[in-house]
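This report concerns only the one structure given below.
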Amino acid sequence: MKTSAVFSAVLSLLSLASAASSDKGSSKSTLPSTFKPPQVFKNANLVHVISVEKNYVKENINVVVENIDKKAQNEYYLPFTADQISRLGGVEVKDRKDTSAGPFVAENVEFDPESDTQYLRIRLPKPLAPGAQQTLGISYYILKAYSPLPAAIKQEEAQFLTYTFSAYVPSVYTTSKQKTEVKFPSGNIPDYTKIPGSGDIKEFPQKQGTKLTYGPFDEKPAGAYEPIRVRFEFNRPVTHVGRLERDIEVSHWGGNVAFEERYTLYHRGANLSSLFNRVKWQQSQYYQQGNTHALKELKFPLRVGSIDPYYTDVIGNVSTSRFRSNKREASLEIKPRYPVFGGWKYPFTIGWNSDAKNFLRKTATGGFVLNVPFLEGPKQNEGVEYEQVEVRVILPEGAENVKYVTSIPTQSISSTEVEIHKTFLDTIGRTALVIKTRNLVDDFRDRELVISYDYPLSASLRKPFIVFSSTIAFFVAVWLIGNIELKFASVPVVSKK
Amino acid sequence: MDSSLHEVWQAASGSPFIPTIGKENQFLVAFVLLVLGFGLSGAFALNRSLVSLPTLAVPASLSLAVGVVYMFCAVGVYV
């Protein structure tokens, strides 16, 4: 067995150069550079579930933690490489046995920006007494996780991806018992690392359908690492949204909430090994029943009541879309202007309107409360990952006292600001709440964003008042100028006698 | 973040926001107001006097002001 001892050295092997391009966000706190997580916990039993079914990796760590210190403890650390933490998002922690326990706060801590080992700190809602145990369910997502192998394939060939991870969960604590399960989208897994088994099992992993199981393993020290690489068929698009700008514009005069989403979409799968062939593409639509790794359609199930959709890209309107709206659904189905293959990019914009009554309510105190989905991206079988999402809620001009709450994990929120946005008929500009997040996935679709604000009557009358005052000023000016006497005065002639 | 907002949203469930003029009537209202506004402007142009300012110019400005705002909304620019 190739078990290695020095944790930081081995974790650094996992590090990839792509980390540099991603920002690490601001939801983190700084600790001294000599920081080492105190050895106050033990993982009594741990099940690590890695799901590579979608085009991002979802990991679940279900762990029974035990306080082995003499004092009560409430900070549990999880180590990641610097590269991994830049691609990590959507961290959610709950108590598996007591759903009312909470809230658990998960945040990135930074003790040395140059170090390759970074930590995620989980604060337990109540300190765990010495000797006591708690069952944690930690789930998180890793984006840009796969690399295609082969890196370039023919248009009609199947795509295979690889993913590397550790057979033992990365931990700063001793783990008494653990196993790692890997779930795949199909049973076609041509390559995976085999390691010697323990007990009755001669060799790990055990394969059951679309699942590989490494373990159970005996006690492993903190930082134990065993690299595992799996290669599996993934003949679907690896859709990656590098940046999504989502604008939600509230209009009280028009009784409307307008949505606009600007996507910068990439396909991170295998590149084409030869030039794109339109004839082969059309043939494959029949012969392979459309089974392809290219992205050819996106489906947006919008909220019921959505109207006036539009779909454009840099060239202009794209006509290959369908919109079905009735009492039960509002489904927007769009086809990109070209099938998007690995390494290709497709930026596009969609937008739609909805009546304000669907999202906006008046409160008893005279204010307003808005409830909109934080994310409404495409719903695809293979999933969609979002590296950066910027949600901008543009409230009416003069809205004040803005408060908000969102059910998006706080670890993914990098900044929140209230800005001024100027557009048609504005004088001082509209109040805009801008929330920037990173590393989200389509599992967070339809998570709520609730905003309350005050909008006094004087502010709502600002637009007609501005038009009124300019028009009346014009009329007064017309009257004044009309009264100016421009003729020469006629001087009476006095006759001489 | 203010976690009490969910309760505020639930409590306000009986009072959805209804605008003064619904979307379907915006164009009609805007059109009538603008016609009225331009008509009164024309009348003021023909009879420019101190008396015409409050009797013609002020109503013209008012109807143009509200008409412009609703015409913006009616053509899809929801201000």
Might you let me know whether region A:281-293 holds any residue that is buried (at least 22 other Cβ atoms within 10 Å of the Cβ), more than 30 Å from A:P464 (Cα to Cα) and modelled with pLDDT under 95?
yes
Quick check on my filter: what residues within region A:360-374 are open to solvent by less than 50 Å² (accessible area, probe 1.4 Å) and at the interface with another protein chain (Cβ under 8 Å from one of its Cβ atoms)?
A:L360, A:R361, A:T363, A:F368, A:V369, A:N371
Which condition number in (1) in a helix (DSSP H, G or I); (2) farther than 17 Å from A:W253 by Cβ; (3) without any contact (Cβ under 8 Å) to a residue 24 or more places away in the chain is the one that A:P464 fails?
(2)
Take A:F474 and decide whether it is open to solvent by 60 Å² or more (accessible area, probe 1.4 Å), in a helix (DSSP H, G or I) and at the interface with chain B (Cβ under 10 Å from one of its Cβ atoms).
yes
Assess whether B:V58 counts as being of a type in the set (V, I, T), at the interface with chain A (Cβ under 8 Å from one of its Cβ atoms) and over 28 Å from A:V372 (Cβ atoms).
yes
Matching option when the condition is assigned to a helix (DSSP H, G or I), facing another protein chain (nearest Cβ under 7 Å) and without any contact (Cβ under 8 Å) to a residue 60 or more places away in the chain, among B:L53, B:L36, B:L28, B:L40:
B:L53
Selection within region A:48-61 - open to solvent by 40 Å² or more (accessible area, probe 1.4 Å) and either over 30 Å from A:A294 (Cβ atoms) or touching a helix residue (DSSP H, G or I) at 6+ places or on another chain (Cβ under 9 Å) (or both):
A:K54, A:K58, A:N60
Does region A:341-359 contain any residue that is open to solvent by 60 Å² or more (accessible area, probe 1.4 Å), touching a Pro at 6+ places or on another chain (Cβ under 9 Å) and among the charged types (D, E, K, R)?
yes
Regarding region A:426-442, can at least one residue be identified that is under 26 Å from A:L360 (Cα atoms), away from chain B (no Cβ under 14 Å), part of a helix (DSSP H, G or I) and hydrophobic (A, V, I, L, M, F, W, C)?
no
Of the residues A:R303, A:R268, A:R246, which is crowded, with 17+ Cβ neighbours inside 10 Å, in contact with a Leu (Cβ under 9 Å, 6 or more places away or on another chain), on the phi < 0 side of the Ramachandran plot and among the basic types (K, R)?
A:R246
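Residue-wise test of (1) of a type in the set (F, W, Y); (2) part of a loop (DSSP other than H, G, I, E, B); (3) touching a strand residue (DSSP E or B) at 6+ places or on another chain (Cβ under 9 Å); (4) assigned by TED's automatic domain parsing to the domain that holds A:I153.
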{"position": "A:F276", "(1), (2), (3), (4)": "yes, yes, no, no"}
{"position": "A:K280", "(1), (2), (3), (4)": "no, no, no, no"}
{"position": "A:Y286", "(1), (2), (3), (4)": "yes, no, no, no"}
{"position": "A:H293", "(1), (2), (3), (4)": "no, yes, yes, no"}
{"position": "A:G305", "(1), (2), (3), (4)": "no, yes, yes, no"}
Does A:P301 fit the bill of being of a type outside the set (S, T, Y), farther than 30 Å from A:G398 by Cα and touching a helix residue (DSSP H, G or I) at 6+ places or on another chain (Cβ under 8 Å)?
no
For A:I394, state whether it is within 11 Å of another protein chain (Cβ to nearest Cβ) and under 13 Å from the mean Cα position of the chain (by Cα).
no
Candidates A:E382, A:E485 - the one that is acidic (D, E), open to solvent by less than 50 Å² (accessible area, probe 1.4 Å) and over 27 Å from B:F72 (Cβ atoms)
A:E382
Within region A:210-254, how many residues turn out to be in contact with a helix residue (DSSP H, G or I) (Cβ under 6 Å, 6 or more places away or on another chain) and away from every other protein chain (no Cβ under 14 Å)?
2
Of all residues making up region A:147-171, the number that are within 20 Å of A:E226 (Cβ to Cβ), open to solvent by 10 Å² or more (accessible area, probe 1.4 Å) and in a loop (DSSP other than H, G, I, E, B)
1
Considering residues that are more than 8 Å from chain B (Cβ to nearest Cβ), closer than 16 Å to A:G367 by Cα, without any contact (Cβ under 8 Å) to a residue 60 or more places away in the chain and not charged (D, E, K, R), the number found within region A:397-409 is 2
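The values are calculated or read from the model by the stated rules, or taken from the named source; none is laboratory data. Here the structure is a predicted model, which is why all the values come from computation and not from measurement. Cβ atoms come from the backbone with ideal geometry, glycine included; neighbour counts cover every protein chain shown. Only protein heavy atoms, including side chains, enter the accessible area calculation; ligands, DNA and RNA are left aside. Shrake-Rupley method; radii C 1.70, N 1.55, O 1.52, S 1.80 Å.
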